[in-house]
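Student: Once you've had a glance at the structure underneath, I'll fire off some questions.
The values are calculated or read from the model by the stated rules, or taken from the named source; none is laboratory data. Predicted, not measured: the structure shown is a model, and the values here were computed from it. Methodologically, a virtual Cβ is constructed for each residue, glycine included, from the backbone with ideal geometry; neighbour enumeration extends over all protein chains shown. In case anyone asks, the SASA skips ligands and DNA or RNA and just uses the protein heavy atoms, side chains included. Shrake-Rupley method; radii C 1.70, N 1.55, O 1.52, S 1.80 Å.
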Amino acid sequence: MSLPKRYLITSALPYANGLKHVGHLAGAYIPADIYARYLRAQKRDVVFVCGSDEHGTAIPIQATKEGTTPRAIIDKYHEAMKQDFEDLNMSFDIYHRTSEPIHHETAQEFFTYLHERGELETKETEQYFDEEAKTFLADRYIKGTCPNCGSDRAFGDQCENCGRTLSPDELINPVSTLSGKAPIKKKTSHWYLPLGKHEEFLREWILKEHKDDWRATVVGQCKSWIEGGLQSRAVTRDLDWGIKVPLKDAEGKVLYVWFDAPIGYVSATKQWAIDNNRNWEPYWYDKDTKLVHFIGKDNIVFHCIIFPIMLKLHGNILPTNVPANEFLNLEGDKMSTSRNWKLDMRDYINDFVKKDNGGGQAVDMLRYYLTQIAPETKDSEFMWKGFQDAVNSELGNIFGNFVNRTWVLMHKLCGSKVPKLHEDVMTDDDKWIIKEIEGSKQKVENLLEEYKFREALFEVIDLSRKGNQYMQKKEPWIVAKKLTEDPEAQKSIDNTMHLCLQLSANLAILINPFLPNTAKKMLGMMKVVEKMLDWENAGKLKLLSVGYTMRAPELLFRKIEDDEIKYQVEKLKSGLVKPETTTNKVEEVKSEVANLKSEIQFDDFAKIDLKVGTIVTAEKVEKADKLLKLSIDLGFETRTIVSGIALHFAPEDIVGKQVVVVANLAPRKMRGIESNGMILMAEDKEGKLHFVKPEAVINPGAGVS
């Protein structure tokens, strides 16, 4: 199969209302950077774009919190995020921003194109309006009492106390955060993108064409959205902050941020082309371009369903792949900005990178660990002890140790020069390591092309592990003691060190997409130019010339000390914002309060992982009147769950229904069937069971909080 002429790589645009944490880094930025660096090493035509997402209600809300203007907020956080990415060695070809005029023009052109061709529809709805402020209210500008926990810290989109997702209509006694007055309902008109018209296209494109080459979690989530029925989605809203709708009858309306943000990839490409005297259009219109979006799983619907519909209608190419990652948790809990349970990129930079001589070593240590634990197929966990073990035991004791031993012994036993390879005394061990070196390129390359970055990194580390095994078998330091008796033994030493040096050169090439600072340091030790890192050189055995003098070894990775890890864990725990304890004053949630179980702490509840699932199949369990065996689609996988609901529901009546599942419950066998989870049910006064489920059909795998 012929290679694409060009590659366009995108990372999700981070929202410019605060600093970003390492979960974002692991999900959308490091994987994209690895892929872009690998493609560049292949000498392919690559453009890697990103930028700040600077519109939407969260920006003016943050401005209010900080007592400043929306413009000041986006300027502040754009520069902060850009600097963080630079400090962590992200190799964007451009880091743009959606507040730039070229983006406003591009987004307005997109809207106008769709509008003039009748691809949008208008609808009139009722929304909350602040009579005193004379403005329609975005969900975040409406505050009230939570119907779930009774907290008065609930907003129109979410309760800050219990975390439940809300709509403004659910709030008890809603008030405007602008005036403090109760809002009224007022009619307003908006433009909508009718997603339902494009279901057949999506079924063909995703569920057929990409069912085997896209990640199962991505296809599964798309399938659930499509089969649940796609609804029209507003592309405009009533707001002051944003890109003005380019129509005469649209005063006070802006493009919805979900509509304008992905167009930021296009405007960033345009600006890159201007800056580099290139033509941007082939990257978005030529079918010989490979477009790859790197995102977190919360962005799948936008990048796989909504944005592709927009691109198709606009005549652009579609993404070739969207290797979305799952979430990265921290020390046994979900990362949360509101609870301050997070590790910001800036914190790592301040605590490690700035204390490192040049910063490169600490950057690569973090890149290594986040790639090693990358949440490619399921949620994963950042543990400070795990970080320490990964750096000390794997990077230090395996990769770094092999390179250091090779250099030390080369200087000691071979006069600081690359020795000759003596074909006449080749051993089986020599032939074995040669085969491993020659086969390494294809192994790593295949995995990188399939976006399996964890496995690809493992192969690189494994090659250094094999290098250690080879050196340990050959024991050149022991052989050196026999030289006075057997001068010919020098040939064995030469072969060992020659192959270890060639293996080290290969490691520099293979590790470069993952740990570019480490590769650069190794080039310095080898006294070779950067061109040696070209991917075509991987797997070769003549990268270092015989007789060439090498520099003294440098320690590639320092050791992470116990007190550093202790400090980070204590710092994390001391900064945790405790959830408020709220007395529930709401009559609607006071019913059925009898027989409460003993009180638990929030941390106990936070351990429960609740996911929305869809019942795919249901059947009775033999010789068990109360049990049904269910197959539940959780988006990322299908689970078997045995539930005692057979007396309340016929199997055929519940197929297709959505339920809430305790997804991290330990498996247990019931009537010989392993049950992997539990379905939440509610029991009314008559003893009848009801499914606990979302109000509307949503994607399986969605979290419940």
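Student: Output the residue which, of all residues in the stretch 443-461 that are within 18 Å of the chain's Cα centre (by Cα) and either of a type in the set (Lys, Arg) or outside any helix (DSSP H, G or I) (or both), is surrounded by the most Cβ atoms within 10 Å (Cβ to Cβ).
Tutor: Looking at the filtered set, the residue picked out is Tyr451.
Student: Within the stretch 604-637, which residues are hydroxyl-bearing (Ser, Thr, Tyr) and crowded, with 17+ Cβ neighbours inside 10 Å? First the steps, then the outcome.
Tutor: Within the stretch 604-637, the first condition is being hydroxyl-bearing (Ser, Thr, Tyr), and the residues that meet it are 614, 617, 631.
Across the stretch 604-637, the qualifying residue is only Thr614.
Student: Now a separate question. May I ask you to list pairs of residues, at least six apart or on different chains, whose Cβ atoms are under 7 Å apart, with the first in the stretch 542-567 being touching a residue at least 60 places away in the same chain (Cβ under 8 Å) and in a helix (DSSP H, G or I) and the second being among the aromatic types (Phe, Trp, Tyr) and surrounded by 17 or more Cβ atoms within 10 Å (Cβ to Cβ)?
Tutor: Pairs that qualify, where the first residue is touching a residue at least 60 places away in the same chain (Cβ under 8 Å) and in a helix (DSSP H, G or I) and the partner is among the aromatic types (Phe, Trp, Tyr) and surrounded by 17 or more Cβ atoms within 10 Å (Cβ to Cβ), are Ile565/Trp384.
Student: Quick check on the stretch 656-666: of everything there that is modelled with pLDDT of 85 or more and in contact with a Ser or Thr (Cβ under 9 Å, 6 or more places away or on another chain), which residue is nearest to Met681 (Cα to Cα)? So that I can check it myself, show each step before the final result.
Tutor: Of the stretch 656-666, the ones modelled with pLDDT of 85 or more are 657-665.
Then drop every residue that is not in contact with a Ser or Thr (Cβ under 9 Å, 6 or more places away or on another chain), which leaves 657-659, 665.
Working: Lys657: 13, Gln658: 12, Val659: 9, Leu665: 15 Å.
Here the residue is Val659.
Student: From the list Ile74, Ile59, which residue is aliphatic (A, V, I, L, M), touching an Asp or Glu at 6+ places or on another chain (Cβ under 8 Å), buried (at least 18 other Cβ atoms within 10 Å of the Cβ) and more than 30 Å from Glu449 (Cβ to Cβ)? Give the derivation first.
Tutor: On the way: Ile59 fails: touching an Asp or Glu at 6+ places or on another chain (Cβ under 8 Å).
Residue meeting the stated conditions: Ile74.
Student: Going through the stretch 648-668 one residue at a time, which ones are assigned to a loop (DSSP other than H, G, I, E, B) and closer than 17 Å to Thr617 by Cα?
Tutor: Passing the criteria: His648, Phe649, Ala650, Val655, Gly656, Lys657.
Student: Please find, within the stretch 342-391, the residue that is nearest to Tyr35 (Cα to Cα) out of those that are outside any helix (DSSP H, G or I) and more than 18 Å from the chain's Cα centre (by Cα). Don't jump to the end; show me each part of the working.
Tutor: From the stretch 342-391, those outside any helix (DSSP H, G or I) are 342-344, 354-359, 373-383; that's our starting set.
Next, only the ones that are more than 18 Å from the chain's Cα centre (by Cα) stay: 354-359.
Numbers: Lys354: 26, Lys355: 28, Asp356: 26, Asn357: 27, Gly358: 24, Gly359: 22 Å.
Top of the filtered list is Gly359.
Student: Could you please let me know if Glu124 is of a type outside the set (A, V, I, L, M), at pLDDT below 95, closer than 27 Å to Met310 by Cβ and in contact with a Ser or Thr (Cβ under 7 Å, 6 or more places away or on another chain)?
Tutor: Working: of a type outside the set (A, V, I, L, M): yes; at pLDDT below 95: yes; closer than 27 Å to Met310 by Cβ: yes; in contact with a Ser or Thr (Cβ under 7 Å, 6 or more places away or on another chain): yes.
Spelling it out, Glu124 is indeed of a type outside the set (A, V, I, L, M), at pLDDT below 95, closer than 27 Å to Met310 by Cβ and in contact with a Ser or Thr (Cβ under 7 Å, 6 or more places away or on another chain).
Student: Against the definition (at pLDDT below 95, among the hydroxyl-bearing types (Ser, Thr, Tyr) and either under 22 Å from Ile263 (Cβ atoms) or crowded, with 19+ Cβ neighbours inside 10 Å (or both)), how does Thr64 come out, yes or no?
Tutor: Working: at pLDDT below 95: yes; among the hydroxyl-bearing types (Ser, Thr, Tyr): yes; either under 22 Å from Ile263 (Cβ atoms) or crowded, with 19+ Cβ neighbours inside 10 Å (or both): no.
Against the criterion (at pLDDT below 95, among the hydroxyl-bearing types (Ser, Thr, Tyr) and either under 22 Å from Ile263 (Cβ atoms) or crowded, with 19+ Cβ neighbours inside 10 Å (or both)), Thr64 does not qualify.
Student: Regarding the stretch 652-663, can at least one residue be identified that is in contact with a Phe, Trp or Tyr (Cβ under 7 Å, 6 or more places away or on another chain), more than 22 Å from Arg215 (Cβ to Cβ) and surrounded by fewer than 19 Cβ atoms within 10 Å (Cβ to Cβ)?
Tutor: Of the stretch 652-663, the ones in contact with a Phe, Trp or Tyr (Cβ under 7 Å, 6 or more places away or on another chain) are 657, 659.
The next check asks that each one be more than 22 Å from Arg215 (Cβ to Cβ); those that pass are 657, 659.
Imposing the further condition that a residue be surrounded by fewer than 19 Cβ atoms within 10 Å (Cβ to Cβ) reduces the set to 657.
Yes; the residues of the stretch 652-663 include at least one that is in contact with a Phe, Trp or Tyr (Cβ under 7 Å, 6 or more places away or on another chain), more than 22 Å from Arg215 (Cβ to Cβ) and surrounded by fewer than 19 Cβ atoms within 10 Å (Cβ to Cβ).
Student: Quick check on my filter: what residues within the stretch 171-213 are within 33 Å of the chain's Cα centre (by Cα), over 17 Å from Ile306 (Cα atoms) and open to solvent by less than 20 Å² (accessible area, probe 1.4 Å)?
Tutor: Answer for the stretch 171-213, where residues must be within 33 Å of the chain's Cα centre (by Cα), over 17 Å from Ile306 (Cα atoms) and open to solvent by less than 20 Å² (accessible area, probe 1.4 Å): Leu171, His190.
Student: If you check every pair at least six apart or on different chains, which have Cβ atoms under 7 Å apart with a residue in the stretch 272-300 that is within 18 Å of Met310 (Cα to Cα) and part of a helix (DSSP H, G or I) first and a residue that is of a type in the set (Ser, Thr, Tyr) and open to solvent by less than 90 Å² (accessible area, probe 1.4 Å) second?
Tutor: Short answer, once both residue conditions are applied: Pro282/Thr289; Tyr283/Thr269; Tyr283/Thr289; Trp284/Thr269.
Student: Looking at the stretch 421-431, which of its residues are loosely packed, with under 14 Cβ neighbours inside 10 Å and not β-branched (Val, Ile, Thr)?
Tutor: Glu423, Asp424, Asp428, Lys431, listed by residue number.
Student: Any chance the stretch 150-157 includes a residue that's open to solvent by less than 20 Å² (accessible area, probe 1.4 Å), in a loop (DSSP other than H, G, I, E, B) and within 30 Å of Ile263 (Cα to Cα)? Spell out the reasoning first.
Tutor: Residues of the stretch 150-157 that are open to solvent by less than 20 Å² (accessible area, probe 1.4 Å), as a first pass: 150-151, 154, 156.
Next, only the ones that are in a loop (DSSP other than H, G, I, E, B) stay: 150-151, 156.
When the remaining residues are screened for being within 30 Å of Ile263 (Cα to Cα), the result is 156.
Within the stretch 150-157 (the criterion being open to solvent by less than 20 Å² (accessible area, probe 1.4 Å), in a loop (DSSP other than H, G, I, E, B) and within 30 Å of Ile263 (Cα to Cα)), the answer is yes, since at least one residue qualifies.
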